[in-house]
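This report concerns only the one structure given below.
The values are calculated or read from the model by the stated rules, or taken from the named source; none is laboratory data. Remember, it's a predicted structure, so these values are computed and weren't measured experimentally. When we count neighbours, we look across all protein chains shown, and the Cβ atoms used for this are built from the backbone with ideal geometry, even at glycine.
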Amino acid sequence: MPFYKYIAVAPGSNPQETIIEADNAGEALNKLRTSGLRPIRFCGETDAGVGVKSFMTRSKVNAFELTDQLAPLLIASIPLERALAIITETCDNESQRQFVTALRQGLHEGKKFSDLVRSYGPVFPGFYANLIEVGEETGCLPEVVEELRSFMAESRELKEFITTSSVYPAVVLTLILIVTILMFTVFVPKFAQIFVDMGREQPPSMVFLLIMSDIMLWSCLIPPLAVLTWWFVKWRYGAARINEWRSGVILKIPVFGKLLIEIENGRFIQTLSILVTNHVDIIRTVRIATKVIQNQVIRDSFNGLERRLKGGEKLSASISDNEYVPPGTAAKIRVGEESGYVGEMLKRVAEHLEESTRRKIKRMLSVFEPAMIIFLAALVLIVVVSIFLAIMEINQVGA
């Protein structure tokens with residue numbers, strides 16, 4: 001979601017720079033006026049929120065750590081400002097302490113917590129501010145923050161699982177690439193030089209290896225050419241068009257595309273669960289949850305969902321014909337609608353999708369490792385056999 005920069009003034013205060021996150025400039029202006037600020041000048045669209053000026057600063061501020069500390073304090077009925085003060089006292093990271101202090105200062109100035117979160121857009125996930133705003137409006141801020149903590153913890157755990165599970169395959173793949181490059185760019189040319197020094201014609205097996213060596217050398221140009229092509233296409237067609245194209249290509253990749261669909265649906269349904277559990281109306285729930293989806297193609301497939309819900313359809317019926325919703329999901333949600341436990345059923349569906357994702361990642365990695373080893377063994381075998389045939393031809397000529 002884009003950010004819009006304004007110079008705005010609150011009653012009795014000086015003008016200040018304000019960043020508003022919204023779908024368009026009109027919605028940003030409405031949010032600005034709703035928060036009690038009067039716009040003086042529109043400064044255009046920006047990519048970053050107020051308060052975090054660089055990637056290094058952003059990396060030092062941990063949104064999950066703040067949420068993890070804030071949730072139990074709010075559940076214990078401690079006021080938000082006091083909870084932030086307690087967190088400030090226990091912060092070991094100076095950047096984190098300054099960040100929390102800035103949030104407290106904003107509360108003292110009469111700003112809403114959701115607006116403060118929104119002004120630090122790059123630090124928090126895209127859906128964070130919207131959920132905090134829902135909690136403020138419904139009086140369920142402690143419950144919403146607790147749900148956010150659980151959601152972020154699960155997302156973090158999944159990312160760490162993927163990272164740790166990918167370390168060994170990444171090492172194996174790197175070694176295979178190094179061995180392959182050395183074999184075809186160093187060892188094969190030096191062996192072929194023997195025939196040149198002997199004044200003999202290269203045997204067919206060595207010709208084949210030399211062709212492979214040339215291909216390997218030329219392939220080194222692929223990464224820089226790919227980068228240049230990417231920048232040109234991005235400049236020619238724009239980031240939005242490229243993002244849509246990339247999203248579609250990723251979904252067509254065998255195995256990985258289906259895995260990504262499950263991950264995106266897990267986020268979407270988990271967000272639905274949080275909002276429905278906190279009694280947010282279904283139209284707003286869907287509007288917020290759809291923004292959680294990062295893949296452009298999958299997000300666009302839900303564009304008509306809000307309209308169908310306004311037309312009287314239930315959630316289960318509205319998503320039943322969506323090709324990116326996993327089979328059985330709509331039926332499970334229908335059971336929740338009929339029993340009156342939609343939030344609980346959505347949570348169970350999200351947990352099931354996460355478990356399924358973990359199993360598929362494990363299965364994919366367990367197949368990937370031996371496949372790479374077999375590939376390396378086959379490559380070495382081809383080289384050894386080709387060199388052996390060349391040596392045999394030398395001996396035949398010598399005899």
If you go through E160, E147, E133, the only one that is in the same structural domain as V286 (by TED's automatic domain parsing), charged (D, E, K, R), under 19 Å from N278 (Cα atoms) and modelled with pLDDT of 80 or more is E147
Apart from one, (1) at pLDDT 85 or above; (2) within 22 Å of the chain's Cα centre (by Cα) all hold for T57; the odd one out is (1)
Using beta carbons and a limit of 6 Å, which pairs, at least six apart or on different chains, have the first residue in region 59-78 and without any contact (Cβ under 8 Å) to a residue 40 or more places away in the chain and assigned by TED's automatic domain parsing to the domain that holds N93 and the second one of a type outside the set (G, A, S) and surrounded by 15 or more Cβ atoms within 10 Å (Cβ to Cβ)? Q69/I87
Which condition number does E109 fail, the rest of (1) among the charged types (D, E, K, R); (2) outside the structural domain of T277 (by TED's automatic domain parsing); (3) surrounded by 19 or more Cβ atoms within 10 Å (Cβ to Cβ) being met? (3)
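Yes/no matrix, rows are residues, columns are (1) touching a residue at least 60 places away in the same chain (Cβ under 8 Å); (2) within 30 Å of L141 (Cβ to Cβ); (3) crowded, with 21+ Cβ neighbours inside 10 Å:
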position: R236; (1), (2), (3): no, no, no
position: I242; (1), (2), (3): no, no, no
position: W245; (1), (2), (3): no, no, no
position: G248; (1), (2), (3): no, no, no
position: N265; (1), (2), (3): yes, yes, yes
position: T271; (1), (2), (3): yes, yes, yes
position: L275; (1), (2), (3): yes, yes, yes
position: V280; (1), (2), (3): yes, yes, yes
position: T285; (1), (2), (3): no, yes, yes
Can you list residue pairs whose Cβ atoms sit under 6 Å apart, with the first residue in region 124-139 being in contact (Cβ under 8 Å) with a residue 24 or more places away in the chain and assigned to a helix (DSSP H, G or I) and the second being among the polar types (S, T, N, Q) and surrounded by fewer than 21 Cβ atoms within 10 Å (Cβ to Cβ)? Count only pairs 6 or more apart in sequence or on different chains. T138/N278
Those helices (runs of 4 or more DSSP H) lying entirely in region 288-399 with at least 2 residues over 30 Å from the mean Cα position of the chain (by Cα), surrounded by fewer than 18 Cβ atoms within 10 Å (Cβ to Cβ) and among the polar types (S, T, N, Q): 342-398
Got at least one residue in region 139-151 being in contact with an Asp or Glu (Cβ under 6 Å, 6 or more places away or on another chain) and on the phi < 0 side of the Ramachandran plot? yes
